[in-house]
Structure formats: structure tokens, C-alpha cells
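Inspection log for the structure reproduced underneath, given as C-alpha cells.
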Amino acid sequence: MPTAERIGKNEALFREVNQRIRELNEAFETSGAGELTDFVCECSLEGCREYVRLTLAEYEEVRTSAARFLVAPGHQWTPESEREVGRHERYWVVEKLGAAREVAEREADAP
Ligand SMILES: [Zn+2]
């Protein structure tokens, strides 16, 4: 059973990857306002290589909270440490709870 610490770090890593994807898209203006971009699934399953497609605006909305992560539909594996807060056709949004949330918020502040 992965610890909350491990889960939080794993997901923070993928969040980092997605931040880069967003920055690249903005820098090269490869995505128009309504266009879909491939982001990586930020779920806690180690080895998950799913992609989720979001517009940059949708991505920004998820990113407004450090405790929220975007995942592929159904990729909510640990109901005791995360709850689903948004269900879309292409992606779900989960919010971390308790210790996992603290880790996620701490990692988001890290340089
Ligand atoms: Zn996943």
C-alpha cells in the first residue's frame, strides 16, 4: 500500500510535467483557445502512462488549487486520501484529503 507521502510525491512529479507541457504550448502557441492538449494523468498509480486531453483553460482551472489533480476517467484509486470533485467526459478532477493534501500543497510550494 503506497503511503500518502509517496502518493503525493508521485503526483506532484506528474503535475510538474504538465506544467512544462502547458508552458511549451503557451510559448509556441501550438494550441488555440479551444484546442485540446495532451497532458499526463496525475493519478497515484505507479506506472500509469495515460494521457488526458484538456484545453489550456480547463487545465488552468484545475491548477487553481494545489490539492487538485487531473486524472483519466476512473483513475481515482485511493478514496481514503482523495475525492472526486469533477467528472468530465475526457478527464476527472480529484482533490487530495488529509496527509496526501498536505504533501501536495507542500510540493507545490517547493522551488
Ligand atoms: Zn492514471
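The values are calculated or read from the model by the stated rules, or taken from the named source; none is laboratory data. Model, not experiment: these values are computed from the prediction. Counting neighbours? That spans all protein chains shown, and the Cβs are built from the backbone with ideal geometry, glycine included. Just so you know, the surface numbers come from the protein's heavy atoms only, side chains and all, with ligands and any DNA or RNA stripped out. Shrake-Rupley method; radii C 1.70, N 1.55, O 1.52, S 1.80 Å.
Can you confirm whether the range 74-81 contains a residue that is open to solvent by less than 70 Å² (accessible area, probe 1.4 Å) and under 13 Å from the mean Cα position of the chain (by Cα)? Lay out the reasoning, then the answer.
The first filter runs over the range 74-81 and keeps only residues open to solvent by less than 70 Å² (accessible area, probe 1.4 Å), leaving 74-76, 78, 81.
Those still in the list that are under 13 Å from the mean Cα position of the chain (by Cα) too: 75-76.
Scanning the range 74-81 turns up at least one residue that is open to solvent by less than 70 Å² (accessible area, probe 1.4 Å) and under 13 Å from the mean Cα position of the chain (by Cα).
Please enumerate the residues belonging to the range 32-53 that are aliphatic (A, V, I, L, M), open to solvent by 30 Å² or more (accessible area, probe 1.4 Å) and more than 8 Å from the ligand (Cβ to nearest atom).
Within the range 32-53, 33, 36 qualify.
Checking residue 11 against (1) within 13 Å of the ligand (Cβ to nearest atom); (2) assigned to a loop (DSSP other than H, G, I, E, B); (3) out of contact with any Lys or Arg (no Cβ under 7 Å at 6 or more places or on another chain), which test does it fail?
(2)
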